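Here is the structure we will look at.
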Amino acid sequence: METPVIQVRELTKKFGHFTAVDHISFDVHQGEIFGFLGANGAGKTTAMRMICGLLTPTSGKVDVLGLNIATQTDAVKRQIGYMSQKFSLYDGLTVRENVTFYGGIYGMGKDQLKLKIAELAEKLGLEDKIDHQVSSLPLGWKQKLAFLVAIQHDPKVVFLDEPTGGVDPITRRQFWELIYEAAERGITVFVTTHYMDEAEYCDRVCIMVDGSVAALDRPENLRHKMGKETMHEVFYQLARAAQRQE
Amino acid sequence: MEKLISRAPAVKIQQLRKTYENDTVLAIKGLDLTVGSGELLALIGPDGAGKTSLFRILATLILPDGGQVEVLGYDVVKDFQSLRLITGYMPGRFALYQDLTVLENLSFFATVFNTSIEANYDIIRDIYVQLEPFKHRRASQLSGGMKQKLALCCTLVHKPSILLLDEPTTGVDPVSRQEFWDILDKLKADGMTMIVSTPYMDEARRCDRIAMMNRGELLDISTPEALIDGFGKPLYAIQSDRMFALLQDLRKYPVTDTCFAFGEAHHVTFKKSIQVDDLRGYLQMQGHHHVDIAQIQPTVEDCFMDQLAS
């Protein structure tokens, strides 16, 4: 079997006496859409930040693309994309300036960038907005643009932290079609969401409860195993069993 | 519902207009809306629909450009001072002081309204007991669900007569959302009038009526039951072993009208009545296995998408 794209082993993070993430282990495979779910405070964001090298673990190990995230951080970062929930694009810069800025960070050349900007504008139907400030775009467009910017350097893996929070039902679906397209091109997608219908669009989902992995499987397998009709019911049963407060 | 409307309305909006940037951006165009006393109204619509502008006008934070808006008998322009004392407004973005503790935030909001936590403890008790274990924690250190409960607590501390909640559960997990709505149900049972915007259609389903906005206009306002009854065409849930390819193949099917991913199945409507076996045959030809086609009841989300797509 081929090496997993992400290999998490006994990953742990303590803040003082509080164990936010408690010895979690799992693999993410090439090209899959991996859903990472959990209640607020379950340790999801802490785990994700350690997996993409933004936070140092207390113990345990993460390999991304066969590289150790702790010692080969820079080499990993060049090959991954990250879209944070709160901040992804500079509101005061135009669409073109944002794309150019991020492209510059990843060392993309001028010609390559020109192509990317044209491609991106066409894909989003943003041709006449390319020199408008990002702050003037509706949230749904911003999120789609942020995603395309996060994958413009053709990373092997992209991490998306609640990319569809607060987005209306139609735009959420358009966003997921962009995710599907990226996955078809072989990009591995690691995504968190609070929408349980979106959990269904993942190849596999991992549900965190109290800092541990409470379930990890294909959505349909989880539904069948637990005798539930929907992922909402699956999640509700697992997350409600949480012991720790905050 | 009839009963709620026949009482004196809590909110009466007539021909409301709001523009920005020297009239170039039309946020609300000629909106008419009445909200009954004690009603729980859901406000739904895509970005730019005008929901937040409407909230800010009702909360007397911005002025309308035209039309009449009355809240609990007060004019939002002339009587803004009286109105502010009886309105509870929770803005979409977290509206608390991050570097103050839970207790400090609550005391602050109580003081601003010239009251105290103790004076109105009965209205916040149910929420406050959940926050109490963390009362000395800074707001920035709370989880998303707890932040929103604290924000609601601060919105209630002066015992308002109407609540305006702008996307209170965005970014909140399903379990905390459920808890938040259980609190709203209790407030409703005590007679509170509430207007709540939400991107979650399961939440809209729990309200007395749903107002759907798009581009500054009211597309529809009705009870969830009437909205669903009004869908007016057969809706199918379709599954196969290759769901993304299925989405594309269904869209290529000549009589497909709308086709959206809906969790474990795709929801599809057709321009004319279809033979299920024909469709199954077509999908099998495209290489799909385990094709399942079932006619289903639409949900509020189906109705929302249908309205916006048309």
For region B:96-152 and region B:194-224, write down the distance between their C-alpha centroids in whole Å. 28
Can you sort A:ILE33, B:ILE195, B:ILE228, B:ILE221 from fewest to most other Cβ atoms within 10 Å of each residue's own Cβ? B:ILE228, B:ILE221, A:ILE33, B:ILE195
Could you give the length gained by full extension between B:ASP185 and B:GLN141, i.e. 0.36 nm per residue of separation minus their alpha carbon distance, to one decimal place? 13.1 nm
Zone of B:LYS159's modelled label, taken as backbone nitrogen in region B:190-228 under 12 Å from a point 7 Å along Cα→Cβ: none
Run the numbers on chain A and let me know its relative contact order in percent, using alpha-carbon pairs under 8 Å that are six or more apart. 26
What is the Cα coordinate range of region B:177-310 on the first, second and third principal axes, sorted by size from largest, in whole angstrom? 58, 30, 23
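What list do you get for A:THR230, A:THR188, B:THR24, B:THR170 if you sort them by fewest beta carbons within 10 Å?
Final ranking by Cβ density, sparse to dense: B:THR24, A:THR230, B:THR170, A:THR188.
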Pop out the Kirkwood hydrodynamic radius of region B:231-309 from its pairwise C-alpha distances, inverse of mean 1/r, in Å to one decimal. 12.6
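In the neighborhood of B:LEU235, defined by Cβ-to-Cβ distances under 11 Å, what is the net charge if each Lys or Arg adds +1 and each Asp or Glu adds -1?
Taking every Cβ under 11 Å from that of B:LEU235, the sum is -2.
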Net lengthening on full extension, B:ILE296/B:ASP126 (0.36 nm per residue, minus Cα-Cα): 57.3 nm
Exceeding the 19 Å Cα-Cα cut-off - candidates B:LYS29/B:LYS233; A:LYS77/A:LYS114; B:LYS233/B:LYS272: B:LYS29/B:LYS233; A:LYS77/A:LYS114
Among B:ASN105, B:ASN214, B:ASN114, whose mean-square fluctuation peaks in a Gaussian network model of chain B (Cα, cutoff 10 Å)? B:ASN114
Sorted from largest to smallest, which semi-axis lengths in Å does the alpha carbon gyration tensor of region A:91-246 give for its equivalent ellipsoid, taking the root of 5 times each eigenvalue? 35, 16, 14
For B:ALA27, enumerate residues with amide H under 5 Å from its amide H, sequence gap 5+ or separate chain, H modeled in the peptide plane. B:LYS18, B:THR19, B:TYR20
Exposed trypsin sites (Lys or Arg not before Pro) absent: longest stretch of chain A, with sites in DSSP loops and at most 14 other Cβ within 10 Å deemed exposed: A:87-184
Near A:PRO138, within a Cβ-to-Cβ distance under 14 Å, what is the net charge of the other residues, with Lys and Arg +1 and Asp and Glu -1? +3
Take the Cβ-Cβ distance between A:LYS110 and A:GLU184 as r, set R0 to 35 Å, and report the resulting FRET efficiency rounded to the nearest 0.05. 0.80
Once the in-chain neighbours fewer than 8 apart are removed, the lysines whose Cα is under 29 Å from B:LYS147 read A:LYS13, A:LYS14, A:LYS44, A:LYS86, A:LYS142, A:LYS144, B:LYS51, B:LYS135, B:LYS159, B:LYS186, B:LYS188
Amide H partners (placed H, <5 Å) of B:THR223, local residues excluded: B:ILE210
In sequence order, what are the phi-derived ³J(HN,Hα) couplings for region B:158-168 according to the Karplus relation 6.51 cos²θ - 1.76 cosθ + 1.60 with θ = phi - 60°, rounded to whole Hz, with x for glycine and proline? 9, 6, x, 9, 9, 10, 10, 10, 9, 6, x
From the helices alone, meaning DSSP H stretches of at least four residues, give me the mean residue ellipticity at 222 nm for the protein assembly as shown, per-run term -39500 (n - 2.57), in deg cm²/dmol to the nearest 500. -10500 deg cm²/dmol
Listing A:ASP197, A:ASP74 from the residue with the fewest other Cβ atoms within 10 Å to the one with the most, what is the order? A:ASP74, A:ASP197
What whole-number value in cubic angstrom gives the convex hull volume per residue for the C-alpha atoms of chain B? 159
Share, in percent, of DSSP beta bridges within region B:2-223 that are antiparallel, nearest 5: 55
Among A:ASP168, A:ASP63, A:ASP128, the residue with the largest mean-square fluctuation in a Gaussian network model of chain A built from Cα contacts under 10 Å is A:ASP128
Phi-derived 3J(HN,Hα) across region B:275-289 with the Karplus relation (6.51, -1.76, 1.60, θ = phi - 60°), rounded Hz, x for Gly and Pro, is 8, 4, 5, 4, 5, 4, x, 4, 5, 5, 4, 7, x, 8, 10
Return the loop-located trypsin sites (Lys or Arg not before Pro) in region B:119-172 (DSSP other than H, G, I, E, B) with at most 16 other Cβ atoms within 10 Å of their own Cβ; answer none if there are none. B:LYS135, B:ARG137
Place a point 7 Å from the Cα of B:ALA95 along the Cα-to-Cβ direction; which residues of region B:156-173 have their backbone N under 15 Å from it? B:156-170
Under 5 Å, built H, 5+ apart or other chain: amide partners of A:ALA70: A:VAL62
J(HN,Hα) series, region A:61-72, from Karplus relation 6.51 cos²θ - 1.76 cosθ + 1.60, nearest Hz, glycine and proline x: 9, 10, 10, 10, 6, x, 10, 6, 5, 6, 9, 10
Take the Cα of B:ARG242, step 7 Å along the line toward its Cβ, and report every residue of region A:153-182 whose backbone nitrogen sits under 19 Å from that point. A:177-182
Could you check the simple spin-label distance between A:SER59 and A:ALA75, using points 7 Å along Cα→Cβ, in nm with one decimal? 2.7
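Since every read-out is calculated from the coordinates, none of them should be taken as a lab result. Since we're looking at a predicted model, the values are computed, not measured. Positions of Cβ are generated from backbone atoms using ideal geometry, with glycine treated the same way; all protein chains shown enter the neighbour counts.
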